[in-house]
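The values are calculated or read from the model by the stated rules, or taken from the named source; none is laboratory data. Because the structure is predicted, anything quoted here is derived from the model rather than measured. Neighbour counts run over all protein chains shown; Cβ positions are idealised from the backbone, glycine included.
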Amino acid sequence: MRRLFAVALLLSACGGSDPAKTGDDTMTNGDAPKTPGDSGPPINGTDAGDTPLTGTKYTLQWGPVTVQPHFEGTQCVILQLSNDTDIKVHQLHNTLSTGSHHMIVYRDNDPKDAAGQTTPVNCQPFTGALNASGMVAPMMITQKQNDPLTLPSGVAYTMKAHQMVKLEMHYINSGDDPIQVQGNAEFYAADPTTIHDEADLLFIGTPDIKLPPGMMTTVNQFFTPSRAKIDLSGSKFFAITGHTHKLGLDMKVGLGTSNGATPTMIYAPNPFMWAEPLTASFIGNEFEVPQGTGFNFTCTYYNNTAGQVQFGESANDEMCFFWAYYYPSQGAHVCVHSDTYGGLDVCCPNDDPHDMICPLIASKF
């Protein structure tokens, strides 16, 4: 029955003026509620870019590519790092040019990609993250033009000698002239003797987005990892980035036991800037998501277009997602929750050899 709900959901999913004011029901950082008796991690932690970048640096580049006016696309390259031995990547730093919507950095251990692909080619968005084998796994997602990420002490991503890396770029040129789009990914290696845990990433959100024209809409969902058969008990989360498209006014993430319970807020930027969303670091204040608890997340939009806007990967559609970095690794997953179809919680990839949900999710990105 759960699979039938998911199939119905995913087959139904499908992109001006100043936004209206959000009113009194929009929480500022100081207003965000916390669970009584639990101070929790500080809201928004610190800016992930506050730590200097150190260590041996390895750099990969996507593009540059000339993008014609009024054109949107997603293209990938598969490149090889120059490391002669295994390294422990403790810091990452991505930079994006104008026209870049976002870039995903994948660690690629798929044998079919061993030859690489140095010229950007069209590719299906997020297919690396949804790869059933788990051999292509996201390390970092960037929407900001300058996006550094430092992992906690003793935590890293292991990169094999001459590691293959996939860079996926989603770009859009909304102007009247051609532009050059480029992305760079830097990897900073730490002393391997200082590393004891592997990091990983969860990309969590909902397809339950239908925004009527000319009005404000708030989407609120609750994702429980244990219901999606992901055991995160004991895992420590150290950074979060919220994600909407251009109609997004606000994005918040809290922790709780149900959608009806008052959450402990952990991510509530004020203001939220959809094009340059805050990457909040909780290093020193890492938080856990015990069995039975989950993420309460909310996105607020103002649809200033003449038509209904729905969920979709295009910049003209909308999304309500966040990516969360954690350790020790239980794998990288794309996870969705839907209230519309029975309170569905699912993560991809998963261990079900007969799973039909994850390919459908991939087809909607």
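Collect the residues in the range 61-95 that are of a type in the set (A, V, I, L, M, F, W, C), out of contact with any Pro (no Cβ under 6 Å at 6 or more places or on another chain) and assigned to a strand (DSSP E or B), keeping them in residue-number order. Walk me through it before giving the result.
Filtering the range 61-95 for residues of a type in the set (A, V, I, L, M, F, W, C) gives 62, 65, 67, 71, 76-79, 81, 87, 89, 92.
This time we only want the ones that are out of contact with any Pro (no Cβ under 6 Å at 6 or more places or on another chain), so: 62, 67, 71, 76, 78-79, 81, 87, 89, 92.
Selection gives Trp62, Val67, Phe71, Cys76, Ile78, Leu79, Ile87, Val89, Leu92.
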**Study point:** Every pair of residues 6+ apart whose Cβ atoms lie under 8 Å, when the first sits in the range 67-80 and is more than 11 Å from Lys166 (Cβ to Cβ) and of a type in the set (A, V, I, L, M) while the second is at pLDDT below 95 and in a loop (DSSP other than H, G, I, E, B)
**Key:** Val67/Gly99
Point to revise | Single residue of Asp147, Asp177 found to be closer than 20 Å to Asp50 by Cα, out of contact with any Leu (no Cβ under 6 Å at 6 or more places or on another chain) and charged (D, E, K, R) | key: Asp147
Review point. If you go through the range 286-330, how many residues are in a loop (DSSP other than H, G, I, E, B), within 21 Å of the chain's Cα centre (by Cα) and farther than 14 Å from Gly234 by Cα?
Key: 7
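Between Gln68, Gln75, Gln145, which is under 20 Å from the mean Cα position of the chain (by Cα), exposed (fewer than 15 other Cβ atoms within 10 Å of the Cβ) and of a type outside the set (A, V, I, L, M)?
Gln145
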Study note, to complete from the structure: Out of (1) over 17 Å from the mean Cα position of the chain (by Cα); (2) crowded, with 21+ Cβ neighbours inside 10 Å; (3) closer than 25 Å to Pro125 by Cα; (4) not small (Gly, Ala, Ser), the one Met265 does not meet is (3)
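Filter the range 206-240 down to the residues that are among the hydroxyl-bearing types (Ser, Thr, Tyr) and either modelled with pLDDT under 95 or assigned to a loop (DSSP other than H, G, I, E, B) (or both) and list them by number. Working first, answer last.
Taking the range 206-240 as the starting set, the residues that turn out to be among the hydroxyl-bearing types (Ser, Thr, Tyr) are 206, 217-218, 224, 226, 233, 235.
Within the range 206-240, Thr206, Thr224, Ser226, Ser233, Ser235 meet the criteria.
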Practice item. Provide a single number: the residues in the range 268-305 that are surrounded by fewer than 20 Cβ atoms within 10 Å (Cβ to Cβ) and within 21 Å of Val155 (Cβ to Cβ). Key: 7
Check your understanding: Scanning the range 161-201 for residues that are among the aliphatic types (A, V, I, L, M) and within 19 Å of Leu79 (Cβ to Cβ), which turns out surrounded by the fewest Cβ atoms within 10 Å (Cβ to Cβ)?
Key -> Ala161
Check your understanding: Can we say Thr98 is under 22 Å from the mean Cα position of the chain (by Cα), loosely packed, with under 15 Cβ neighbours inside 10 Å and assigned to a loop (DSSP other than H, G, I, E, B)?
Key -> yes
Review point. Within the set of pairs 6 or more residues apart or between chains, which connect a residue that is in a loop (DSSP other than H, G, I, E, B) inside the range 331-360 to a residue that is polar (S, T, N, Q) and at pLDDT below 65 with Cβ atoms less than 8 Å apart?
Key: Pro349/Asn131; Pro349/Ser133
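Of all the residues that make up the range 148-158, how many are within 21 Å of Gly116 (Cβ to Cβ) and surrounded by fewer than 22 Cβ atoms within 10 Å (Cβ to Cβ)?
Looking only at that region, the number is 1.
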